[in-house]
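First comes the structure, then the notes that go with it.
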């Protein structure tokens, strides 16, 4: 009797020696029907993760301002309508008719305001500035003063080292520079104590109409969003890109001082840390962070999530050439909101210190006279 040939595991039933199987107990292949999705939250999350991953893959070219003339025009038009709202006494339009002495006086006024505004709100600074200018209307008046008088006038602003540097800078300007602050940012930063790149740029652009940039905390945040730069905020490469963007905004500009003040004002009042008012921002049309947020929202609205679908279908985007990729930015958090820029950093834990204070008091026998020993702290340390 001939033996039947068993079908191999790789052969179908139809290839067996005796034809298709007619065994009624043979199990059918499981149905491939798709189960309805229980919720859409995971689909939203998947889309957000996709958008975040895609946004971290981009060319370095997006971190350069493409059309500075248009953005500058929009910025200045906005600034012309708002620059007097907060009533800053030091904020005046550039006057080309001023002679060298007049411009040096403006430089002194802007210098005082910039140092006072460091880590201090505008509303707090205004009354202090007015009192200061009454007491020391020119740089020579300040140079003739002493640290005790200056500190008494500064009381309440904090960070007294700022007042000391103002006095030191005024004395140096009078003794070595003819009673004037330098008329260019390079010399000002090099020769006046307490003036760094930002302060030199602000003073020289406003008082001397020099086309030099500024980058304070407000402009840092604003340009990080305009350039969609999500990188370690204090890294040299990050700062180089932001300084380049700030420089482009004032390059060959007729009103560099107004451009710089407008950037500061926009970052302070509109492009805020939380709840930025993108609808009223004049730079929204060129802000890549805003465009990305709008694009992510549209992708989410357009994504179709059928009730019988197991996954979200997203459209693949063209990946840029590897040689053009940005290697600085880090992945964005899910959602890709404007407030994701600039990149957040973890705050260092506050250092714990132990301070010991000794109070030396002398009293007369009748207790009417009391004396305390005071020692002036050193200049350093």
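Key figures for this structure:
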{"item": "Positions within region 314-338 being surrounded by fewer than 18 Cβ atoms within 10 Å (Cβ to Cβ) and modelled with pLDDT of 75 or more, in sequence order", "result": "322, 323, 324, 325, 327, 328, 330, 331, 333, 337"}
{"item": "Count of residues meeting criterion [under 33 Å from the mean Cα position of the chain (by Cα), free of Cβ contacts under 8 Å to residues at least 24 places away in the same chain and either part of a loop (DSSP other than H, G, I, E, B) or surrounded by 14 or more Cβ atoms within 10 Å (Cβ to Cβ) (or both)] in region 177-187", "result": "2"}
{"item": "Residue check for residue 87: touching a residue at least 12 places away in the same chain (Cβ under 8 Å) and more than 22 Å from the chain's Cα centre (by Cα)", "result": "yes"}
{"item": "Residue in region 164-176 that is surrounded by the most Cβ atoms within 10 Å (Cβ to Cβ), counting only those that are under 32 Å from the mean Cα position of the chain (by Cα) and in contact (Cβ under 8 Å) with a residue 24 or more places away in the chain", "result": "170"}
{"item": "Enumeration of residues in region 101-135 that are outside any helix (DSSP H, G or I) and more than 25 Å from residue 209 (Cβ to Cβ)", "result": "119, 120, 121"}
{"item": "Search result, residues across region 340-381 that are closer than 30 Å to residue 288 by Cα and touching a helix residue (DSSP H, G or I) at 6+ places or on another chain (Cβ under 9 Å)", "result": "340, 341, 342, 343"}
{"item": "Residue among 234, 191 that alone is in contact with a helix residue (DSSP H, G or I) (Cβ under 9 Å, 6 or more places away or on another chain) and surrounded by fewer than 18 Cβ atoms within 10 Å (Cβ to Cβ)", "result": "191"}
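The values are calculated or read from the model by the stated rules, or taken from the named source; none is laboratory data. On a predicted model such as this, the values are computed, not experimentally measured, just so you know. Cβ atoms come from the backbone with ideal geometry, glycine included; neighbour counts cover every protein chain shown.
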